[in-house]
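The values are calculated or read from the model by the stated rules, or taken from the named source; none is laboratory data. Small disclaimer: the values here were computed from a predicted structure and weren't measured. Note that we place each Cβ from the backbone using ideal geometry, even for glycine, and neighbour counts take in every protein chain shown. Accessible surface areas use protein heavy atoms only, side chains included; no ligands, DNA or RNA. Shrake-Rupley method; radii C 1.70, N 1.55, O 1.52, S 1.80 Å.
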Amino acid sequence: MGSFLLMAYLDSTRHDYEGTLTSLDMQVGIMRKGPSTRASGFTESVIREMTRLCQAHGAVNLAQGFPDFDPPLSIKRAAATAISKGYNQYSTTYGTMGLRKAIARKVKSYNHIDCNMDEITVTCGTTEGMIASELALLDRGDEVVIFEPFYENYGPDAILSGAKCRYVRLREPDFRIEEETLKQAFNRKTKAVIINTPHNPTGRVLTSQELGLVRDLCQDYDSYAITDEIYEHIMYDGHKHVSIGSLPGMEDRTITISGFSKTYSVTGWRVGYVVAPKPLTSAIRKVHDFLTVCAPTPLQEACTAALQLPESYYEQLRENYRKGRGMLVESLENAGFGVFKPEGAYYVWTTTDRTGFKDDRKLALHLITKVGVGGVPGSSFFHNPSHGRLRFRFSFSKKPETIRRAIKRLEKFSPNHLSGRSDHRMPRRLAMTAGS
């Protein structure tokens, strides 16, 4: 009995001692375990941070690319009808049969990619479609070619997939793919290249000749193309969208990602899709299942209805954005920005050399707090932030009256009226860029 009591006493003393150590650790700030190293390789979205700052300061939000107007009434009614009719539970994991059939018809007619519904996975937006595709395709040690400036998700997605990024610069002023530069980025470790056309943030629409160059390199190095085509219906001045998956030789080497957010002004619905050959689709569906299970069921029904809209809808959409582009481009030029006129999508990519600001982050805060207009610092679109310090992005995916309100405020901003520049510090998050 005596030895038992002694052992019990020692055991209780050990627990007290360990508890004291834990308490001391907390007092001196020692962390035994913490976030993963992969999560420390990138930051939160700068674009979404700009939206929060716009909301806090009452600024016109030309930062985040979402419309401030409603989708067509017919698809809003379709969503409400689906809810009232009981489409409120899980759908088939990879999408309702009706939506996948409708997507297959659209992909054949518009993208000229021959596919069937068994090669389509409906996802929670193109954002999930991209990360699901990369997780399904990439292994640790693989390399991914990314054109920059790039949409900020691409770097973190590659990092989360364990891959290494190799960046290829799209050179100003035309942002064309340079053949020799791209060739230097490819090697035997190259598993994939990420393509975005129409391009965010520059608005460039890639040509079939440029995509043919990418196709040739994918064939030479046994690589895949992962292509983000979310702005596929938004183009100007006679430019045409070409899907690399429609090129001969890319049928089994392409993952085509698109969705409904931008074309139908439903960015909050979070419905996208991935088209890929069956072996890749099988892998993507497994990853998608454990990421999100399925996209919202009633909204899938509404997206099926959206694909029935007539061609006149798309023509009017492009015309409305063309007018918004003209209004914003002129205003930004008058305010001292150098402007690259976009061929597609709904962003204006600018240079800030003549604004008097040498730091895009300070410019962003000045515009939001002093002028009342939000944009996105250019550094968030480069793996090396210094490459984007004199670049800035604005969105014109807004109602005409919203753009006019922004234009009125931008009249207060010019190279001749910078004495009121803000000395406030940007939030710490903006000091880094995705993938840096």
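Considering only protein heavy atoms, what is the solvent-accessible area of D70 at a probe of 1.4 Å, reported in Å² to the nearest 10?
100
Which of the peptides 343-349, 265-271, 84-90 is most tightly packed, and how do the rest follow, going by the mean number of other Cβ atoms within 10 Å of each residue?
Put in order of decreasing packing, that is 343-349, 265-271, 84-90.
Could you calculate the contour length gain from D353 to Q89, that is, 0.36 nm times the residue separation minus the distance between their Cα atoms, to one decimal place in nm?
Between D353 and Q89, full extension yields 89.7 nm more.
With the Cα gyration tensor of the chain giving a ≥ b ≥ c as the square roots of its eigenvalues, does the rule (a/c under 1.5 for rounded; else a/b larger than b/c for prolate; else oblate) give rounded, prolate or oblate?
oblate
Applying a 10 Å radius around every beta-carbon, put 381-389, 122-130, 34-42 in order of their mean neighbour count, most first.
Highest to lowest by the protection proxy: 122-130, 381-389, 34-42.
For Cα pairs less than 8 Å apart in space and 6+ apart in sequence, what is the mean separation divided by the residue count of the chain, i.e. the relative contact order in percent? Walk me through the numbers before you get to the answer.
Values: 832 pairs, mean separation 100.7, N = 436.
About 23 percent, as a whole number.
With a 10 Å cut-off between alpha carbons and a GNM built on the chain, which of S282, S133, S109 moves the most?
Of the options given, S109 has the highest mean-square fluctuation.
Using +1 on the beta carbon of Lys and Arg, -1 on that of Asp and Glu, and nothing else charged, what's the dipole of the chain about the Cα centre, debye to 20?
1160
Taking amide H positions as placed 1.01 Å from N in the peptide plane, with prolines and chain starts having none, which residues 5 or more places from I195, or on another chain, fall under 5 Å of its amide H?
Under 5 Å from the amide H of I195 lie the amide H atoms of I226, T227, D228, each far enough along the sequence or on another chain.
Counting only complete DSSP H runs, which helices of the chain cover 30 Å or more along their long axis at the Cα atoms and score a mean Kyte-Doolittle of -0.5 or above?
On the way: long enough: 2-28 (39 Å, -0.06); 311-334 (35 Å, -1.43).
Helices passing the filter in the chain: 2-28.
Quick one: accessible surface of D289, probe radius 1.4 Å, all protein chains present, in square angstrom to the nearest 10.
60
Over the chain, with the other protein chains present, what is the accessible area per residue in square angstrom, probe 1.4 angstrom?
In whole numbers, the chain has 46 Å² accessible per residue.
Above 18 Å lies some portion of the pair distances; for segment 47-170, what is it as a whole percent of all C-alpha pairs?
Taking all Cα-Cα pairs of segment 47-170, the fraction more than 18 Å apart is 72 percent.
Work out the charge dipole of the chain with +1 on the Cβ of Lys and Arg and -1 on the Cβ of Asp and Glu about the Cα centre, then indicate which of G141, A305, I255 is farthest towards its positive end.
Highest projection toward the positive end goes to A305.
Per 10 Å bin, what is the whole-percent P(r) computed from every C-alpha pair distance within segment 229-370?
All Cα pairs, binned at 10 Å, distribute as 9, 27, 29, 23, 12, 0 percent.
Check which residues have an amide H placed less than 5 Å from T123's amide H, if you skip close sequence neighbours.
Distant-sequence amide H within range of T123: G272, Y273, V274.
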